[in-house]
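Below is one structure; the comments refer to it alone.
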Amino acid sequence: MEPHAFDLVIRNAHIATATDVFDADIGIRDGKIVALAQSLASGAEEIDAAGRWVLPGGVDAHCHLSQPMNDGSVLADDFFTGTRSAACGGTTTVIPFAVQKKGGTLEQAITDYHAVSDGEACIDYAFHIIVADATPHTVEFELPGLIERGYTSIKLYMTYDDLKLDDRQILDVLAIARREGAMSMIHAENTDCIAWLTDRLLAKGLTAPRFHGLSRPNVVEREATHRAISLGEFLDTPILIVHVSSEEATDQIRQAQSRGLSVYAETCPQYLFLTAADLDRPGFHGAMCICSPPPRDATSQQAIWEGLANGTFQVFSSDHAPFNYNDPKGKKVGGEHGNFTHVPNGIPGIETRLPLLFSEGVMTGRIDINKFVAVTATDPAKIYGLYPRKGTICIGADADIVIWDASTNITIKNENLHHNVDYTPYEGRPLHAWPAVTLCRGVPVYQDGQFTGRAGYGAFLRCERPTPAKPKPNFGKSTPWLDIL
Ligand code: DUC
Ligand code: ZN
Ligand code: ZN
C-alpha cells in the first residue's frame, strides 16, 4: 500500500491568520505544518473541518502556574492542571513566570521552576523571569546569561511589597534589557498611593472585597503607566505594560505609541467581562473577582474593547492566577471574611480566555477574526520570540491548530472546566463558540469535549530575542545621555 503523504490532514479548513483568510487543506508531518494546498494527498489520519474556522493555537503569554506565594496562599493550578485547562480552551503555548525570591538568585528561580514543570505540562511552555531583587549580581551578571539561554522577557513590578522595584532599580534592569535585546513587562500601579489609601480605608473599617477596587483607582494605574513609559523612553528601550484595565492607562499607551515609542500593551478578559460591581457580590463572593489592577467601570470596558480593535493592545492574555474560593490557602487565607488586603490577587481564566473573546469579540463584530488571531497568538509569539514556530499557520510552523465550533450555545459552568479551581467568575455566562479540536504539534489535546492530552507531552521552549539587540534609531530625538551608557 502507498504510504500516506502526511500523518494528519485537516481538510476544507477555513483558515485565518493575523493577516489573511483562505481555504485550504493542511498537511501535517512530524508535528509540523508541511503543506497548505487546495487538495492534498491522503493522511494517515484525516479531520474534516468543513464549515469551521481553523486558527493558530492560542499563546497565553501571561499566566501563573505553580508559582510560590509569600502570604501562605497556594495557587490552585500546577503545570498539569493549568495546561490541561488551557488546552481545552484552545491554547497550545503558555508563558508563566519563574519568580526570584528576595535574597535569591535568578538561576535558582529558573532551576526551581524547571523542577516543578518538567514532565508535567500538556502543551508547550516558555518562562518569563520576574526580577524581584535587582542586585548588581542579578542584573549585570545573571540577566545577560539567561537572556542568551532563551529567557528573553522580564517582568518588573511597581507595586507589591515582596516584588516591587523602585524607579532606579527599574532603570538598572531596562538598561540591561536594552543592551541585550530583551522585552521588559511592567506591572504599572503606584504603590505609595495604594498603601496610603489602603491605610485610610482600613482605619475606617472599610474592609470588604469591594474596597480592594477603591484602594486602586484609575489614576493610580495611569500615573504608573505614564512613569513606566517615561522610563522606557528615557532609555530608548521597548516596554510592554501588562494587564491594562482602565481608559486612562489605555490613553497613555496610545499617546506614547503615536509618538513612535516602542510601547506594547496587554489586556485580559477580566477587564472586558467584569466590572467593579463584581467586587461587591453578596457576602464575601466579591473576593472571587479580586485581582490587580481591579475590574473598572463600563467606560473603561469600552475603552479596552476599542484598544483591542484599534491596535493599542497587541496581547490578550488570561493573567490566570487561580486561588480556590473555599480554601484557607486560597481566597480565604486571611479568614472567612478577611480584610481585602489579605485576599490573594488573581482570578482563573486560562480556559475561558479564547472562547470569551471569540464569542463576544469576533461574533459580535467588535473585532475581526484577524485581530483575534493577532492578539491571542501571533503578536504574543512575536513579542516573546516564539514566532513563526508558534502563533501562526504557515509551512514550517508547529502544527498548533484549533478547529472552532462557532455554532454552539453553551453556558460557562465551573463543573465543565478543567482547571483545579472551585469557581469561575464567569459562571452562567452564555457563549457561542468553543474549540472542537485543539492540536498541539499535530496531536489532539482536546477533542469531542474531552481532554485528550497527557502530562509530559508539553515541551519547554527557549525564546529568541524579541527585539533587535541594537536599539532602533530614535528619529533625531536628542538623547545624548544614551551615548555615554
Ligand atoms: N495581579 C497580578 O499582578 N498578578 C497576578 C494576579 C493579579 O491580580
Ligand atoms: Zn502583574
Ligand atoms: Zn499576573
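For the chain, what's the relative contact order in percent, using C-alpha pairs closer than 8 Å and at least 6 residues apart? Don't skip to the answer; put the middle values down first.
Details: 1161 pairs, mean separation 106.5, N = 485.
Result for the chain is 22 percent.
Tell me the Kirkwood hydrodynamic radius of the range 58-385 in angstroms, computed as one over the mean inverse distance between distinct C-alpha pairs.
For the range 58-385, inverting the mean 1/r across all distinct Cα pairs yields 19.7 Å.
Per-residue extension of 0.36 nm, minus the Cα-Cα distance of S39 and S258, leaves a gain of 74.4 nm for this segment.
What is the Cα radius of gyration of the range 1-89 over 2.2 N^0.38 Å, N being its residue count?
It is 1.52.
Note on E415 and A195: their simple-model spin labels are 4.7 nm apart, each label 7 Å out from Cα toward Cβ. From its DSSP helices (H runs of at least four residues, each -39,500 (n - 2.57)), the chain gives a residue-normalised ellipticity at 222 nm of -7000 deg cm²/dmol.
Taking each residue as 0.36 nm, the span from D48 to D280 lengthens on full extension beyond its C-alpha to C-alpha distance by 78.9 nm. Quote the FRET efficiency, to the nearest 0.05, computed for M363 versus T479 with a Förster distance R0 of 51 Å and r equal to the Cβ-Cβ distance. Given R0 = 51 Å and the Cβ-Cβ separation, E is 0.65.
Helix 218-234 axis versus longest C-alpha principal axis of the chain: approximately 80°, rounded to the nearest ten. With the alpha-carbon atoms of the range 356-485 aligned to their principal axes, the span from lowest to highest coordinate is 59, 34, 33 Å, starting with the largest. Placing a label point 7 Å from the Cα of V219 along the Cα-to-Cβ direction, no residue of the range 237-273 has a backbone N closer than 12 Å. For the chain, the solvent-accessible area of protein heavy atoms averages 38 Å² per residue (probe radius 1.4 Å; ligands and nucleic acids excluded).
With 5 Å bins beginning at zero, the pair-distance distribution over Cα atoms of the range 270-331 amounts to 4, 16, 23, 23, 16, 9, 6, 3, 0 %.
Considering only Cα-Cα distances, which of the following residue pairs are longer than 30 Å: K155/K204; K331/K382; K101/K413; K164/K382; K332/K390; K164/K332? Don't skip to the answer; put the middle values down first.
Working: K155/K204 34 Å; K331/K382 35 Å; K101/K413 36 Å; K164/K382 27 Å; K332/K390 38 Å; K164/K332 24 Å.
Over 30 Å apart, Cα to Cα: K155/K204; K331/K382; K101/K413; K332/K390.
Given R0 = 22 Å, the distance between the Cβ atoms of L202 and K102 translates into a calculated FRET efficiency of 0.35. Measuring nothing but protein heavy atoms, the accessible surface of the chain at 1.4 Å probe radius is 51 percent carbon and sulfur. Estimated at the nearest 10 Å², the accessible area of I10 is 0 Å² with a 1.4 Å probe.
Restricting the calculation to Cα atoms, the range 283-387 yields a radius of gyration followed by a Dmax of 16.3, 46 Å.
The values are calculated or read from the model by the stated rules, or taken from the named source; none is laboratory data. The shown structure was predicted, so the numbers you read here are calculated from the model rather than taken from an experiment. Here Cβ is always computed from backbone atoms with ideal geometry, including for glycine, and neighbour counts include all displayed protein chains. Areas reflect the complete protein model, heavy atoms only, side chains present, ligands, DNA and RNA absent. Shrake-Rupley method; radii C 1.70, N 1.55, O 1.52, S 1.80 Å.
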